[in-house]
Amino acid sequence: MVIELKKTLKHIILLTTCLLGIVGCDEMDCSLNNIVECKIAFYNAKREPVALTDTLTITAAGTDSILYNRGVRTSSVGIPLSYFKEKDTLMLSIYGEDYMILERLIIKKRSFQHVESIDCPLKVFHYLQGVESTHQVIDSVKIASHEVNYDNGENIQIYLHSGD
């Protein structure tokens, strides 16, 4: 009888350990898919994807925040947006050896909080409502996808003047 009690006790301990192991494991990996960026892509006048031949730096207007620094041969870039502002103003500096062109991009948006899991940090998603630019080298700007979230698709398409 003592032997049977020991076997039963071993089975209970083994079963309890297995159950605790299963309950303790979480399939949610908060470190993956956690970057929310607005993807901006560049196109030529023929509506074909293009890489900028000049150097590109993007800053948030009115701050010293550099969002993208000294990109060369840039065809697209992911930019974080502010959490609570209704619009973000980005300054695109496009420059070469002896010139610099400043282009202003104004992104109007609505932001909302997104909770993936109670174990993961809160994220902020955005819904693009409009986009404007100065027209130094930009011919036109189009919203390709209004939703800025974990999806890596293009959100904004910038069409450059011909010859740029």
Worksheet item: Shape of the stretch 86-142 from its Cα gyration tensor (a ≥ b ≥ c, root eigenvalues): rounded if a/c is under 1.5, otherwise prolate when a/b > b/c, or oblate?
Response: prolate
Practice prompt. Can you send over the carbon and sulfur percentage of the accessible area for the stretch 89-143, probe radius 1.4 Å, protein chains only?
Written response: 50 percent
Fill in: Built amide H within the under 5 Å cut-off of H114, gap 5+
K123, V124, F125
Response to the item:
A correct Karplus calculation of ³J(HN,Hα) over the stretch 112-129, with 6.51 cos²θ - 1.76 cosθ + 1.60, θ = phi - 60°, whole Hz and x for Gly and Pro, returns 8, 7, 10, 10, 7, 7, 5, 7, 9, x, 5, 10, 10, 9, 9, 10, 6, 10
Worksheet item: Amide H neighbours of C38 under 5 Å, counting only residues 5+ apart in sequence or on other chains, H built in-plane at 1.01 Å?
Response: I79, L81
Practice prompt. Could you list which residues have their amide H under 5 Å from that of S133, counting only those 5 or more apart in sequence or on another chain, with H placed in the peptide plane?
Written response: I106
Practice prompt. Would you calculate the separation in nanometres between label points at D64 and E116, each defined as 7 Å from the Cα along the Cα-to-beta-carbon direction?
Written response: 3.2 nm
Discussion item. Per residue, how large is the accessible surface of the stretch 78-125? Use a 1.4 angstrom probe and give square angstrom.
Written reply: 64 Å²
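The values are calculated or read from the model by the stated rules, or taken from the named source; none is laboratory data. This is a predicted model, so every value here is computed, not measured. Because the Cβ atoms are built from the backbone with ideal geometry, glycine has one as well, and the counts that use them run over all protein chains shown. Just the protein is used for accessible areas: all its heavy atoms, side chains included, with ligands, DNA and RNA removed. Shrake-Rupley method; radii C 1.70, N 1.55, O 1.52, S 1.80 Å.
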